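Q: Quick one: the structure is below, questions incoming.
The values are calculated or read from the model by the stated rules, or taken from the named source; none is laboratory data. Predicted model, so just to flag it, every value in this text is computed and none were measured. In this analysis, Cβ positions are derived from the backbone assuming ideal geometry, glycine residues included, and neighbour counts consider all displayed protein chains.
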Amino acid sequence: MDSVLLLERVAVISLFMFFTPLLFLQEMGVEGRLRLVMESALTARDRVGVQDFVLLENYTSEAAFIENLRRRFKESLIYLFNVCSYNTYRSMRTERKDQCILISGESGAGKTEASKKILLYYAVTCPAHDRMAALGDRLLQSNPVLEAFGNAKTLRNDNSSRFGKYMDVQFDFRGAPVGSHILNYLLEKSRVVHQNHGERNFHIFYQLLDGGEEDLLKRLDLERNPQNYQYLVKGNCPRVSSINDKNDWKAVMKALPIIGFTEEEVQELLNIIASVLHLGNTQFGEGEDGETHITTETQIRNLTRLLGVDGSALREALTHKKLIAKGEEMISPLNFEQAGSARDALAKAVYGRTFTWLVEKINQSLALKDEVYNSSKGSSVIGLLDIYGFEVLQHNSFEQFCINYCNEKLQQLFIELTLRSEQEEYETEGIAWETVQYFDNKIICDLIEEKHKGIISILDEECLRPGEACDISFLEKMEDTLGGHPHFITHKLANGKTRRIMSREEFRLLHYAGEVNYNVSGFLDKNNDSLYRNLKEVMCQSSNQIVRQCFRKEEVIDQKRPEMAATQFKNSLMKLMEILISKEPSYVRCIKPNDAKQPGRFDEVLVRHQVKYLGLMENLRVRRAGFAYRRRFEAFLQRYKPLCPETWPNWHGRLADGVSTLVNHLGYKPEEYKLGRSKIFIRFPKTLFTTEDALEAKNNPWLKFLYFSCVGYNTCWYVSYIVIVIQSAWRGMKARRRAKRRRQAAELIRRFIKGFIYRHEEYCPENEYFLDHVRYSFLKKLRKNLPKSVLDKSWPTPPPSLIEASEHLRWLHMQNMMRKYCRRIQPEWRKQMEQKVVASEIFKDQKDSYPQSVGKLFLGTRLENEQINLKVIQTLGNDKVQYGVPVTKYDRRGFKARPRQLLLTSSFAVLVDRTKIKQRIDYPALRGESGVKGSKRDLCLPQGDVVLHCDHVIEAVTKFAMMSGRTNHVNISLGSIRFALARGKEGIVDFIRGSELKVAKGKRGHLLVVSQG
């Protein structure tokens, strides 16, 4: 892993300077440009710091780390996330490995902006046609929609993502995006009903009120003033100078149709958003007897209309709860506080589930539609994780607990993947692996997630425990269970010094990044996340299609209690870890330089806090446990070859020998470096810096000579002389290049003519170039003129030397087209085609009416179950009827027409007369079938002297032959057919054509069948 990848794979530091233009690397096409930037920075490290933090001399010092960040920030040389985007895409294309980019940082550090820039990079730079361009548009347009419904203004950030997001972008074998899928985690639903002072609810509420048309607001019965809605006034921040709600509303309304939302879905979605506001304005009162009732009938009418529910049922559900005990339902009235809680729980459930539906709808729009791409092994995936960073607030609650648990798991994954990547590279290069000592935070993850003993298990037990469970009892249960754990502290378990700064309602976890105090207030309610059963029943009956999809009837019918919120988050986090561990990771660490959003200001206290809680020092220490610097032989030799006379100006031997010669001349000690199979590994940054200083000293005398020659001697003559020397050297070089191109062109023409003369000879040096050119031209022509369908039999004429190869390519291409065609065939159509093929083998050129039957589809059966007598079905038992058709039977006893039903099972066929089975024909005992040509009313003879008249003879005979396995024994004739009778006798049926259908006794005791036509 060279130093460019080194930085990307470990910790890409991205400081976002608000209102300051960011420095982007525009020319990303050549890796050499990136290497040049990094290597040139090494010479100026005292002024601008080192770009790769692994090269820090004092890598264990946090002060040195912060100082290096300050220098990079001051010079606007922060290593930005689009470098990470380029290299993950390059690795995916060249190595064919799935990649993922993990973006983390505290609120306001720029995670959302980073993810948008990465998606924009892929949408703009990846190859694409019209369909891919449409996918790119939908991918980009999903951002404003998700931000409107999932982002909000907080104290730290005006556009803070209040949910975690993981997005997979799938690329085909050409590197073009063909599909995408989004997973969302832990939406902050509590924000719907409560916001801290100075914060806002989700953007969509303010966008609707500020940007919605008058007719729309009138239909939704809304007013423009956010202060009129209880769910929007608690933060006391209706307007934000940096947010234009009206323009954002236009962007969302423009994006929804592009993503694939219909007008009806948009209307129903806005109905839900408006219903949440009306739900917040629903007020309760208490009667003289203490019963709770709703005092705002207008809001109930609006909710009834917008949600499409029954008003009386909703009113009842908001003031009463339904309990089920021992199979009996009981209705219990709610007190004033419980009714308010039920209302808020409904608002959170409706909004949270609508957001999940919204993500699923976007996934349907971004899903990979083409089955060929979907099943292709050449497709690859780049995952993008925009997740909350470690949070330490003044008041840390359930949300911060889940967020920090997520970061513990990501840190554990980072250490595991980093060590695994290092070990794989060492093994590939043949260098002995050295054991790395590091802090394993598995002990903290187990403290939180361990079954029966972890915090989440204890929390679930308290929520399910009968009796009066509360947050304090949860805290006491943790003290009893986890009292001796080294990373768990409460006020009761702490020493005197710690008790003075901890509340009695708090517990402290010693995370990998530092200590965090969590207040247990609200833990049980947020983990329960419960909604009364009767409220769910009301929502299930909604005429709003979105609401109905969000509240399934199965949820009400199912008596099993749903998983708690923390357990759901833990399980989804486990699945996320499985996804990430299967991919090659890259990391973007976002650091906010100041809270004031001012350009050029570097707040050291704030930056140090973020470095600590991002775990960057621990990550750097793990990464520096081995070799600090590694570079491929050719790159290392190309840069430092001027330092050794034996390697300058060019080295013509093996690269490994050249690097060995160079480092020996530089005086590297054995403990300072190792040579792998394709890379040199340097252990100490000091060794690299010494080499860089030597290179700078080597180059400086020539630069000083030119400088002082032009500046120190102020003479036009000397300047003119230098100009003439440079001009003559340049002209000479251009002339030599032109002469070289002419010689090459003449040699090329000579070889081509000579090859044409010897083109009929065996492959030899004289004709090899010409024949290779002919083959290449044919293959290039073939690529442009390949048949587009299996019916296209055209093929370019190959040259004599490629006849055999051309036939092989033609066969391969035809097989490939047939495989693609077969993949697209649905199972029902495949079965239909198989039957048609058998019918063709039996009746083609044998029966006059067959061509007219080709276009008609065979049915699964001509008799429904209701048309078959129940006694017959019971008599058949386990042998299910596979096909049934009404027929008319003729036999030798009177030759009367008798209506019958021919039923085919998997092992035998039966003739049924109403409720009785008249005849059973076992397939193994069957010798053959006979059919007669004629009009559409054909006749067929299954066995003995039984003649069956059927209107669908081709379909019936085909199915009979396939089920019996006798497709090769069908006899179609207009002459005579012999068949075996009992006691060794033989019977004969004569078939002739006539004006009308007739079955009668013929000459010599034969059975005569006259068919029309």
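Q: Among the residues of the stretch 603-650 satisfying the criterion of being without any contact (Cβ under 8 Å) to a residue 24 or more places away in the chain and within 16 Å of Ser678 (Cα to Cα), which is surrounded by the fewest Cβ atoms within 10 Å (Cβ to Cβ)?
A: Looking at residues that are without any contact (Cβ under 8 Å) to a residue 24 or more places away in the chain and within 16 Å of Ser678 (Cα to Cα), I get Glu634.
Q: Please return the ranges of helices (runs of 4 or more DSSP H) entirely within the stretch 777-895 where 1 or more residues are modelled with pLDDT under 85 and within 40 Å of the chain's Cα centre (by Cα). Don't jump to the end; show me each part of the working.
A: Working: elements: 803-824, 827-843, 850-853, 870-876.
Here the list reads 803-824, 827-843.
Q: Could you count how many residues in the stretch 760-774 are acidic (Asp, Glu) and either at pLDDT below 85 or more than 20 Å from Gln744 (Cα to Cα) (or both)? Steps first, please.
A: Applying the first criterion (acidic (Asp, Glu)) to the stretch 760-774 yields 761-762, 766, 768, 772.
Checking the rest, the ones that are also either at pLDDT below 85 or more than 20 Å from Gln744 (Cα to Cα) (or both) come to 761-762.
Qualifying residue count, the stretch 760-774: 2.
Q: Mind checking whether some residue in the stretch 443-463 is surrounded by fewer than 20 Cβ atoms within 10 Å (Cβ to Cβ), touching a residue at least 60 places away in the same chain (Cβ under 8 Å), more than 30 Å from Ser341 (Cβ to Cβ) and under 35 Å from the mean Cα position of the chain (by Cα)?
A: No, there is no match, as no residue in the stretch 443-463 is surrounded by fewer than 20 Cβ atoms within 10 Å (Cβ to Cβ), touching a residue at least 60 places away in the same chain (Cβ under 8 Å), more than 30 Å from Ser341 (Cβ to Cβ) and under 35 Å from the mean Cα position of the chain (by Cα).
Q: Determine which single condition Tyr231 fails, assuming it passes every other condition in (1) more than 30 Å from Leu576 (Cα to Cα); (2) aromatic (Phe, Trp, Tyr); (3) surrounded by fewer than 19 Cβ atoms within 10 Å (Cβ to Cβ).
A: Here Tyr231 clears every test but (3).
Q: Residues that are farther than 30 Å from Ile118 by Cβ, touching a residue at least 12 places away in the same chain (Cβ under 8 Å), surrounded by 13 or more Cβ atoms within 10 Å (Cβ to Cβ) and touching an Asp or Glu at 6+ places or on another chain (Cβ under 8 Å): does the stretch 567-579 have at least one?
A: Yes, because at least one residue in the stretch 567-579 is farther than 30 Å from Ile118 by Cβ, touching a residue at least 12 places away in the same chain (Cβ under 8 Å), surrounded by 13 or more Cβ atoms within 10 Å (Cβ to Cβ) and touching an Asp or Glu at 6+ places or on another chain (Cβ under 8 Å).
Q: Moving on. Looking at (1) surrounded by fewer than 17 Cβ atoms within 10 Å (Cβ to Cβ); (2) under 30 Å from Leu580 (Cβ atoms); (3) not charged (D, E, K, R), which is the only condition Asn244 fails?
A: Result: Asn244 fails condition (2) only.
Q: Mind listing whichever residues of the stretch 305-318 are in a helix (DSSP H, G or I) and surrounded by fewer than 20 Cβ atoms within 10 Å (Cβ to Cβ)?
A: Within the stretch 305-318, Arg305, Gly311, Ser312, Ala313, Arg315, Glu316 qualify.
Q: For the stretch 938-956, indicate whether the set of residues that are buried (at least 19 other Cβ atoms within 10 Å of the Cβ), charged (D, E, K, R), modelled with pLDDT under 70 and touching a strand residue (DSSP E or B) at 6+ places or on another chain (Cβ under 7 Å) is non-empty.
A: Within the stretch 938-956, one or more residues are buried (at least 19 other Cβ atoms within 10 Å of the Cβ), charged (D, E, K, R), modelled with pLDDT under 70 and touching a strand residue (DSSP E or B) at 6+ places or on another chain (Cβ under 7 Å).
Q: Output yes when any residue across the stretch 642-650 is farther than 19 Å from Glu429 by Cβ, in contact with a Ser or Thr (Cβ under 7 Å, 6 or more places away or on another chain) and β-branched (Val, Ile, Thr), and no when none is.
A: The answer is yes; a qualifying residue exists.
Q: Do you know which residues across the stretch 495-539 are more than 24 Å from Tyr613 (Cβ to Cβ), assigned to a loop (DSSP other than H, G, I, E, B) and within 37 Å of the chain's Cα centre (by Cα)?
A: Asp529, Ser530, Leu531, Tyr532
Q: Tell me which of these Glu479 doesn't satisfy, since it passes every other one: (1) touching a strand residue (DSSP E or B) at 6+ places or on another chain (Cβ under 7 Å); (2) in a loop (DSSP other than H, G, I, E, B); (3) among the acidic types (Asp, Glu).
A: It is condition (2) that Glu479 fails.
Q: Same structure, new question: Can you pull out the residues in the stretch 412-436 that are at pLDDT below 80, outside any helix (DSSP H, G or I) and farther than 22 Å from Ala513 by Cβ?
A: Ala432, Trp433, Glu434, Thr435
Q: Which of the residues that make up the stretch 660-683 are within 14 Å of Thr647 (Cβ to Cβ) and in a strand (DSSP E or B)?
A: Ile680
Q: Inspect all residues belonging to the stretch 635-653 and state whether any of them is part of a helix (DSSP H, G or I) and either closer than 30 Å to Phe414 by Cα or not assigned by TED's automatic domain parsing to the domain that holds Pro685 (or both).
A: yes
Let's see how each residue does on (1) farther than 30 Å from Asn971 by Cβ; (2) in the same structural domain as Val953 (by TED's automatic domain parsing); (3) in contact (Cβ under 8 Å) with a residue 24 or more places away in the chain; (4) in contact with a Gly (Cβ under 6 Å, 6 or more places away or on another chain):
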site: Leu782; (1), (2), (3), (4): yes, no, yes, no
site: Thr797; (1), (2), (3), (4): yes, no, no, no
site: His808; (1), (2), (3), (4): yes, no, no, no
site: Gln835; (1), (2), (3), (4): no, yes, yes, no
site: Pro851; (1), (2), (3), (4): no, yes, no, no
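Q: To continue, here is another question. Can you find even one residue in the stretch 221-232 that is part of a helix (DSSP H, G or I) and of a type in the set (Lys, Arg)? Write out each step before concluding.
A: Step one: list which residues in the stretch 221-232 are part of a helix (DSSP H, G or I), which gives 226-228, 230-232.
Next cut, of a type in the set (Lys, Arg) only: none.
No: the stretch 221-232 contains no residue that is part of a helix (DSSP H, G or I) and of a type in the set (Lys, Arg).
Q: Still on this structure, I have one more. Restricting the stretch 320-343 to residues that are buried (at least 20 other Cβ atoms within 10 Å of the Cβ) and assigned to a helix (DSSP H, G or I), which is farthest from the chain's Cα centre (by Cα)?
A: Residue satisfying both the conditions and the ranking: Ala339.
Yes/no per residue for (1) farther than 24 Å from Met92 by Cα; (2) of a type outside the set (S, T, N, Q); (3) in a helix (DSSP H, G or I):
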residue	(1), (2), (3)
Arg548	yes, yes, yes
Val556	yes, yes, yes
Pro562	yes, yes, no
Gln568	yes, no, yes
Arg589	no, yes, no
